[in-house]
1. If we keep just the residues of region 63-73 that are farther than 22 Å from Asp19 by Cα and not polar (S, T, N, Q), which is nearest to the chain's Cα centre (by Cα)?
2. When you scan region 50-76, how many residues do you find that are in contact (Cβ under 8 Å) with a residue 24 or more places away in the chain and assigned to a loop (DSSP other than H, G, I, E, B)?
3. Take the residues in region 1-30 that are polar (S, T, N, Q) and in contact with a strand residue (DSSP E or B) (Cβ under 7 Å, 6 or more places away or on another chain), then tell me which one is surrounded by the fewest Cβ atoms within 10 Å (Cβ to Cβ).
4. Going by the structure shown, is Val44 at pLDDT below 90 and either within 22 Å of Leu87 (Cβ to Cβ) or assigned to a helix (DSSP H, G or I) (or both)?
5. Out of (1) part of a helix (DSSP H, G or I); (2) in contact with a strand residue (DSSP E or B) (Cβ under 8 Å, 6 or more places away or on another chain); (3) loosely packed, with under 15 Cβ neighbours inside 10 Å; (4) touching a residue at least 24 places away in the same chain (Cβ under 8 Å), what's the single condition that is false for Ile33?
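The values are calculated or read from the model by the stated rules, or taken from the named source; none is laboratory data. Quantities reported herein were computed from a predicted structural model and do not represent experimental measurements. Cβ placement follows ideal geometry from the backbone for every residue including glycine, while neighbour counts extend to all protein chains displayed.
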Amino acid sequence: MKVEIITHESGDLLPLLLDSNGMPIPAPNEFIISRRSLSPNTLVRNLRELSVLYLWLESESIDLELRITSKKFFNEAEIKGGLVEYLKRDHEKRRKVKKIVVTPNTFNCSGQ
């Protein structure tokens, strides 16, 4: 996954989320295009946040569009044992210091 910033002739910047093959991913890019009035930095941040979800979907071989159209929802094991654990990992490769992406308290706020 990679966020690529396209510069238009007008000078406008539009970030796009590309998959591991370098192809644009339609759903998140449509979302970003609908919000293009926002700052490019905000749009890049939004795509980086979405890229973690799409990385997880890719690693689990889950086709999100198929899931939505078939109305097969995510079960508790996929969310708690898969996505939540994936969100806790650091996905940046450039940093020397590893940090947790989502703090443990985020998932412990229900008092359990």
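1. Phe73
2. 0
3. Per the stated criteria, the residue is Thr7.
4. Criteria not met by Val44.
5. Against the list (1) part of a helix (DSSP H, G or I); (2) in contact with a strand residue (DSSP E or B) (Cβ under 8 Å, 6 or more places away or on another chain); (3) loosely packed, with under 15 Cβ neighbours inside 10 Å; (4) touching a residue at least 24 places away in the same chain (Cβ under 8 Å), Ile33 comes up short only on (4).
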